[in-house]
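Visitor: Just dropping this structure here.
What follows is calculated from the coordinates using simple rules that are stated; it is not laboratory data. These numbers were taken from a predicted model, which means no experiment stands behind them. When we count neighbours, we look across all protein chains shown, and the Cβ atoms used for this are built from the backbone with ideal geometry, even at glycine.
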Amino acid sequence: MKKICFVTTVYMTYKCFLKQLSQYLYESGEYDISLICNNEEDALKDIPSFVHYHPVDMKRGVSLSAFGAIKKIGEILEREKFDIVQYSTPNAAFYASIAAKKKKVPVRLYCQWGIRYMGFEGWKRSVFKHLEKKTCDNSTFIEAESHNIRNFSLDEKLYNADRSCVIWNGSASGVDLNKFDISRKNCWREKIRKQYELPDKDIIFVFAGRLTADKGVNELLSAFLSVEKKYSNVKLLMLGGMDNHESLQLELMEQAKASANIIFTGNVPNVEEYYAASDIFVAPSYREGFGLVVVEAEAMGLPAIVSNVPGQVDAIKENETGLTCVVKDAKSLQCAMEKLIENTELRIELGNAASKYVEENYEQKELFKYLKMHRDALLSGEK
């Protein structure tokens, strides 16, 4: 039995990106599964019975608690003697890479699901680049989530080509096509539009993610507030909770909340139904490892507008399944939005191609097959 331990800062990351992979590895009969993450009540309620849970207090952001977390993780690794430790998310990856190297874990796998310093400038960029480089140096192998993230990392000399790869077509967990079932689109579309009293003639844009500046929310709200002045049949669904709300421009938020065309839903468990009710997905993020929400929306037949940053652009085929806009540029985003409002034929063409693209390239179980093969290879001494 191969002992694998996943390390993430918060349980939600495990739940969204690793829980189903854990199930797949467990059902293979070859892996014993453990999880190290923050001490959370939600984890105790939700974690599968076959997963050994080791809570370690880990705070987001820079904190002196890092020293205690590294020490505690090291104690767990020494006691459990894992064959492979897989870590992701900035803080957990940094802490676990240090502890795992010190305890000489044979395979230290860094799943690089984005690069935090990409959106930073000046001294902040230098500091966080140093931390990213340290995480990479401590790891025996780096699994980048997308080709552009890997290429960026190679250019930045974060690691060498022979210690890194992208699995299959990229993505951390692929798309569960049983959940994002396009055959149910019409039913879900009718349900959500009825719930929010949205006429069928309305063209609906949808955003899903944390409502924070680095997700491009300021630019999105600014662009849409301009768009709604020109078109009477547009709406914007904002799916997600407030996170770091102080990063958002107060005046923009007040205008958005006052608009009858912008609907803030909060976090929703059935995002696939909201995608089905919508016409265009928008993801103007400043940085992403890949853009999982983008391919999930594409699976439901939505064309996507994404910012032109590594990770995001990997999730579409430009001018075939979606469009790009300039990152941090509300005017560029507005132009892309208006293009898809005015060109119904293009909007439908991109959406149809999008669902086929995801089905062929990001089906979850197929990705899991490749992820397992790679872990098997690393444990056998291959790359």
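Visitor: How far is the Cα center of region 153-215 from the Cα center of region 55-100, in Å?
Guide: Between the Cα centre of region 153-215 and that of region 55-100, the gap is 29 Å.
Visitor: When only alpha-carbon atoms count, how far does region 182-361 stretch along each of its three principal axes, as whole angstroms with the largest first?
Guide: 41, 37, 31
Visitor: Any chance you could tell me what percent of the C-alpha pair distances in region 123-257 go past 26 Å? Display every interim value, and only then the final one.
Guide: On the way: 4631 of 9045 pairs.
That tail contains 51 percent of the Cα-Cα pairs.
Visitor: Just check region 256-383 against the gyration tensor rule for me: Cα atoms, a ≥ b ≥ c as the square roots of the eigenvalues, rounded for a/c under 1.5, and otherwise prolate or oblate depending on whether a/b exceeds b/c.
Guide: Values: a/c = 1.89, a/b = 1.86, b/c = 1.01.
It is prolate, given that a/c is not under 1.5 and a/b is the larger ratio.
Visitor: With axes computed from alpha carbons, what is the tilt in degrees of helix 364-379 against the longest principal axis of the chain, rounded to the nearest 10 within 0 to 90?
Guide: 20
Visitor: Right, something else. Would you work out the charge dipole size for the chain about its Cα centre, treating the Cβ of every Lys and Arg as +1 and the Cβ of every Asp and Glu as -1, and quote it to the nearest 20 debye? Present the calculation step by step, with values, prior to reporting the outcome.
Guide: On the way: 51 positive and 53 negative charges, 243 e Å.
Using Cβ point charges on Lys, Arg, Asp and Glu, the chain gives about 1160 debye.
Visitor: Counting alpha carbon pairs within less than 8 Å and at least 6 residues apart, what relative contact order, in whole percent, applies to region 1-152?
Guide: Values: 244 pairs, mean separation 32.6, N = 152.
That works out to 21 percent.
Visitor: Right, here's the next one. What angle do you read, to the nearest 10 degrees and between 0 and 90, between the alpha-carbon axis of helix 330-342 and the longest principal axis of the chain?
Guide: So the helix axis and the longest Cα principal axis differ by about 60 degrees.
Visitor: OK, next. Across the chain, where is the longest run that never hits GluC sites (Glu not before Pro) in a DSSP loop with at most 11 other C-beta atoms within 10 Å?
Guide: On the way: sites that count: GLU121, GLU197, GLU382.
Free of exposed loop sites, the longest segment is 198-381.
Visitor: Now a separate question. Let me have the relative contact order for region 1-81, percent, based on Cα pairs under 8 Å that are six or more residues apart. Don't jump to the answer; show the numbers that get you there.
Guide: Details: 93 pairs, mean separation 23.7, N = 81.
Computed value for region 1-81: 29 percent relative contact order.
Visitor: What number comes out for the charge environment of ASN91, summing +1 per Lys or Arg and -1 per Asp or Glu over other residues with Cβ under 15 Å away?
Guide: Values: positive: LYS59, ARG60, LYS71, LYS72, ARG116, LYS134; negative: GLU40, ASP57, GLU132.
Around ASN91, the surrounding residues sum to +3.
Visitor: Per the helix-only calculation at 222 nm, which mean residue ellipticity applies to the chain, given -39500 (n - 2.57) for every DSSP H run of n ≥ 4 and division by its residues, nearest 500 deg cm²/dmol?
Guide: Numbers: 15 runs with 173 residues, N = 383.
One gets -14000 deg cm²/dmol as the mean residue ellipticity at 222 nm.
Visitor: Looking at region 1-89, which trypsin sites (Lys or Arg not before Pro) are DSSP coil and have at most 15 other C-beta atoms within 10 Å of their C-beta? Numbers along the way, then the final one.
Guide: Working: sites: LYS2, LYS3, LYS15, LYS19, LYS45, LYS59, ARG60, LYS71, LYS72, ARG79, LYS81; in loops: LYS59, ARG60, LYS81.
Qualifying residues, ordered by number: LYS59, ARG60, LYS81.
Visitor: Among the listed pairs LYS317/LYS339; LYS257/LYS317; LYS201/LYS230, which have their C-alpha atoms separated by more than 25 angstrom in this model? Provide the component values of the computation, followed by the final result.
Guide: Working: LYS317/LYS339 17 Å; LYS257/LYS317 33 Å; LYS201/LYS230 16 Å.
Checking Cα-Cα distances, LYS257/LYS317 exceed 25 Å.
Visitor: Here's something else I'd like to know. Using Cα-Cα distances under 8 Å and only pairs 6 or more residues apart, what relative contact order does the chain have, in percent?
Guide: Working: 734 pairs, mean separation 54.9, N = 383.
Relative contact order comes out at 14 percent.
Visitor: Note the angle between two axes, namely the Cα long axis of helix 90-102 and the longest principal axis of the Cα atoms of the chain, as a number of degrees from 0 to 90, rounded to the nearest 10.
Guide: On a 0 to 90 degree scale, this one is about 10.
Visitor: Between GLU156 and ALA258, what is the spin-label point distance in nm, taking each point 7 Å from the Cα along the Cα→C-beta axis?
Guide: About 4.0 nm, to one decimal.
Visitor: With 29 Å as the limit, write out which pairs from LYS15/LYS157; LYS19/LYS124; LYS101/LYS179; LYS15/LYS129; LYS71/LYS365; LYS59/LYS104 have Cα-Cα distances beyond it, or answer none.
Guide: Values: LYS15/LYS157 32 Å; LYS19/LYS124 33 Å; LYS101/LYS179 38 Å; LYS15/LYS129 27 Å; LYS71/LYS365 36 Å; LYS59/LYS104 25 Å.
The answer is LYS15/LYS157; LYS19/LYS124; LYS101/LYS179; LYS71/LYS365.
Visitor: Next question, about the same structure. Give, rounded to the nearest 20 debye, the magnitude of the charge dipole that region 42-152 has about its Cα centre when Lys and Arg contribute +1 at Cβ and Asp and Glu contribute -1 at Cβ.
Guide: Values: 19 positive and 12 negative charges, 89 e Å.
That gives region 42-152 a dipole magnitude of about 420 debye.
Visitor: As I understand it, the dipole of the chain uses +1 on the Cβ of Lys and Arg and -1 on the Cβ of Asp and Glu, about the Cα centre. Which of PHE264, LEU292, ALA100 lies farthest toward its positive end?
Guide: With unit charges placed on the Cβ atoms, the residue in question is ALA100.
Visitor: Next up: Where a ≥ b ≥ c are the square roots of the eigenvalues of the C-alpha gyration tensor, would you call the chain rounded, which needs a/c under 1.5, or, failing that, prolate if a/b is larger than b/c, or oblate? Don't skip to the end; give the middle numbers.
Guide: Numbers: a/c = 1.86, a/b = 1.65, b/c = 1.13.
Prolate shape, in that a/c is at least 1.5 and a/b is the bigger ratio.
Visitor: Using a Gaussian network model on the chain with a 10 Å cutoff between Cα atoms, which of MET300, MET253, MET337 fluctuates the most?
Guide: The residue with the greatest mean-square fluctuation here is MET253.
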